[in-house]
Amino acid sequence: MSTPVVSPHADAPAIGDTRLLIDGQRVDGAEGRTFDVFNPATGELLTRVAEARAEDVDRAVKAARRAFESGPWRDMKPKDRAAILWRLGDLLLEHAAELGGLETLDNGKPFVQARDGDVSAAAGLFHYMSGWATKLEGATIPISFPGSFHTYTRREAVGVVGLIVPWNFPLTIAAWKVAPALAAGNTVVLKPSEVTPLTALRLGELALEAGIPEGVLNVVPGFGAEAGAALTAHPDVDKVSFTGSTATGRAILQAATGNIKKVTLELGGKSPDIIMGDANLEAAIQGAADGIFYNQGEACAAGSRIYAHRSVYDEVVAGVSAAAESITVGDGFDPSSFIGPLVSKEHHQKVTGYVDLGREEGTVAAGGTYATEGGYYVAPTVFTDVTDQSRVVREEIFGPVVSILPFDDTDEVIRRANDTRYGLTAGVWTESISTAHRVADALRAGTVWVNCYGVFDAAMPFGGYKESGWGREMGGIVLDDYTESKTVCIRLGD
Ligand code: NDP
């Protein structure tokens with residue numbers, strides 16, 4: 001397959017091999033098909049990538065099963081597995097400029113954010129999870145059954161896991177899943193979004209270079225409806241972990257029923273960011289603006305509903321609007337850009353549809369404009385005069401679009417913040433320690449940030465209440481989702 005390698009920027013990396021990675025080999029898809037990948041900064045063709053069909057997913061699952069059963073990874077001494085995962089983290093850092101550049105080409109996000117944010121977070125996952133490889137312990141259990149017994153639990157790898165990741169943080173979210181899966185001794189079939197497959201393929205190559213045995217990490221770019229669906233329905237996949245929309249999460253749950261796969265879901269959000277009357281306003285305004293506009297607002301955790309106490313409402317609207325207007329939107333390789341283009345034409349259509357809708361539902365306090373040709377740009381946009389029932393306030397937009405709503409008292413804002421089908425993250429800004437704890441306790445969200453927003457760390461669990469998902473990513477807790485607990489009960493005598 002010939003792959004056009006288009007590097008539209010002097011400092012953009014070469015794209016390299018875009019074939020599937022199965023059983024340690026770069027291979028074309030069985031049907032020889034490819035799909036087009038576009039540069040969101042221009043709308044032009046970037047490259048073509050081999051398309052995995054159901055047959056290729058089956059090949060990848062078989063390779064992962066062979067690798068799991070024959071045990072070069074699962075049975076490796078934990079300290080050796082740890083050393084390889086650490087090495088992979090190091091390799092990501094050594095290739096940070098290349099990986100960051102691929103992410104900018106593919107996703108559009110600013111290069112500095114991709115290199116220093118996404119890649120370093122991904123490396124951090126491998127470094128942190130390498131430590132867990134040697135610490136997956138069970139317990140000895142005193143039991144009361146008549147007789148004498150030695151009873152203990154072991155934590156074992158689940159088996160072959162299918163990991164389906166989206167386009168907003170392609171490498172980072174892949175690392176959220178691949179690192180703990182491998183630390184626990186599982187083997188993996190990774191399906192990146194067809195919109196942003198490049199860094200996942202490079203991750204697979206670097207994993208081989210780090211010493212991960214062939215077949216342990218397979219990468220199969222393809223469409224959700226074909227490759228993703230084949231992976232989630234596959235009878236020999238033991239577990240699926242998915243990040244993406246709530247609608248696709250539902251389809252995945254249904255597909256997983258065939259062999260009762262274990263499922264972890266990290267889905268959408270419509271996160272409230274609450275600015276109390278006593279907040280440090282300078283910090284709160286900048287933090288709330290960054291909380292929605294970072295990564296073009298293409299973040300499940302984006303603080304897309306700002307609730308400001310009526311006593312500071314006008315100041316918050318003015319401050320967040322000024323922050324929005326001051327942001328430079330442009331090509332991700334331009335160092336002055338804080339916001340790049342949205343990821344795809346389809347997504348641009350979705351977000352700009354909400355911009356038009358918000359104009360009808362409320363008032364534009366900042367932005368409200370977008371490109372209609374070339375790259376998929378949208379200006380950071382602030383809406384006011386909307387209500388809790390407005391669609392722009394209720395629905396996940398997944399772009400640089402925020403609504404600011406006033407509130408009068410704490411009980412009221414807690415009730416309104418929780419009035420959503422989502423429950424992923426929330427923020428609260430206050431100088432009162434009791435308000436901070438009270439609101440953090442009452443918010444129905446998997447993460448609550450106080451006097452900060454969007455702080456992520458490999459050691460911090462992340463995931464959602466309600467329709468934002470099942471299970472957690474990161475932290476030690478994620479290992480529960482990638483291990484089975486086995487109870488061994490040995491009769492010693494009467
Ligand atoms: P999807 O949820 O459709 O896609 C996420 C991943 O799932 C992709 O790899 C996709 O593949 C795959 N997928 C799609 N359909 C299936 C299926 N039936 N079985 C298995 N895998 C499947 O998100 P979209 O890209 O369509 O984005 C739509 C909306 O989802 C966004 O506007 C945003 O609101 C939300 N979203 C949330 C994210 C989050 O972090 N929680 C991340 C991304 C999107 P493919 O790309 O080939 O379709």
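The values are calculated or read from the model by the stated rules, or taken from the named source; none is laboratory data. Model, not experiment: these values are computed from the prediction. Reconstructed Cβ throughout: ideal geometry from the backbone, glycine too, with neighbour counts over all protein chains shown. Accessible surface areas use protein heavy atoms only, side chains included; no ligands, DNA or RNA. Shrake-Rupley method; radii C 1.70, N 1.55, O 1.52, S 1.80 Å.
One table, with the values for the structure above:
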quantity: Matching residues, the stretch 415-432, being of a type in the set (S, T, Y) and within 13 Å of the ligand (Cβ to nearest atom); calculated: Y422, T425
quantity: Matching residues in the stretch 418-447 - criterion: being over 23 Å from G362 (Cβ atoms), crowded, with 19+ Cβ neighbours inside 10 Å and not hydroxyl-bearing (S, T, Y); calculated: G423, L424, V428, V439, L443, A445, G446
quantity: One residue from E209, E194 being open to solvent by 10 Å² or more (accessible area, probe 1.4 Å) and either more than 10 Å from the ligand (Cβ to nearest atom) or among the polar types (S, T, N, Q) (or both); calculated: E209
quantity: Within the stretch 365-394, tally of residues that are within 21 Å of A308 (Cβ to Cβ) and open to solvent by 20 Å² or more (accessible area, probe 1.4 Å); calculated: 8
quantity: Residue list for the stretch 355-364, filter: open to solvent by less than 10 Å² (accessible area, probe 1.4 Å) and assigned to a strand (DSSP E or B); calculated: none
quantity: Extreme residue, farthest from E361 (Cα to Cα), among residues of the stretch 403-417 that are in contact (Cβ under 8 Å) with a residue 60 or more places away in the chain and assigned to a helix (DSSP H, G or I); calculated: T410
quantity: Cβ pairs under 9 Å, 6+ apart, first in the stretch 422-444 and over 18 Å from E266 (Cβ atoms), second in a strand (DSSP E or B) and acidic (D, E); calculated: G427/D273; V428/D273; W429/D273
quantity: Residue that is surrounded by the most Cβ atoms within 10 Å (Cβ to Cβ) [pool: residues in the stretch 248-288 that are near the ligand (Cβ under 7 Å from one of its atoms) and without any contact (Cβ under 8 Å) to a residue 40 or more places away in the chain]; calculated: T248
quantity: Set S485, S468: member being of a type in the set (G, A, S), open to solvent by 30 Å² or more (accessible area, probe 1.4 Å) and on the phi < 0 side of the Ramachandran plot; calculated: S485
quantity: Options R491, R438, R472: the member that is touching a strand residue (DSSP E or B) at 6+ places or on another chain (Cβ under 9 Å) and farther than 21 Å from V161 by Cβ; calculated: R491
quantity: Scope the stretch 229-266; condition among the β-branched types (V, I, T), in contact with a helix residue (DSSP H, G or I) (Cβ under 8 Å, 6 or more places away or on another chain) and not in a strand (DSSP E or B); matching residues; calculated: T232, V237, T246, T248, I252
quantity: Filtered residue count, the stretch 299-312, keeping only those that are surrounded by 20 or more Cβ atoms within 10 Å (Cβ to Cβ) and more than 16 Å from the ligand (Cβ to nearest atom); calculated: 5
quantity: Test: residue in the stretch 390-398 that is away from the ligand (no atom under 16 Å from the Cβ) and part of a loop (DSSP other than H, G, I, E, B); calculated: yes
quantity: Filter result for the condition that a residue is out of contact with any helix residue (DSSP H, G or I) (no Cβ under 7 Å at 6 or more places or on another chain), over 20 Å from N168 (Cβ atoms) and among the hydrophobic types (A, V, I, L, M, F, W, C), over V27, V49, V57; calculated: V27
quantity: S337 being surrounded by 19 or more Cβ atoms within 10 Å (Cβ to Cβ), among the polar types (S, T, N, Q), within 27 Å of the chain's Cα centre (by Cα) and modelled with pLDDT of 95 or more; calculated: yes
quantity: Hey, E226 open to solvent by 10 Å² or more (accessible area, probe 1.4 Å), within 16 Å of the ligand (Cβ to nearest atom) and part of a helix (DSSP H, G or I) or not; calculated: yes
quantity: Selected residue (only one of L93, L182 is more than 16 Å from the ligand (Cβ to nearest atom) and over 18 Å from the mean Cα position of the chain (by Cα)); calculated: L93
quantity: Any pair with Cβ under 7 angstrom, 6 or more apart, that starts in the stretch 132-145 at a residue that is modelled with pLDDT of 95 or more and ends at one that is open to solvent by 70 Å² or more (accessible area, probe 1.4 Å); calculated: T134/K79; G138/R154
quantity: Matching residues, the stretch 15-61, being of a type in the set (S, T, Y) and open to solvent by less than 30 Å² (accessible area, probe 1.4 Å); calculated: T18, T47
quantity: Residue match in the stretch 396-412 (condition: hydrophobic (A, V, I, L, M, F, W, C) and in contact with a Leu (Cβ under 7 Å, 6 or more places away or on another chain)); calculated: no
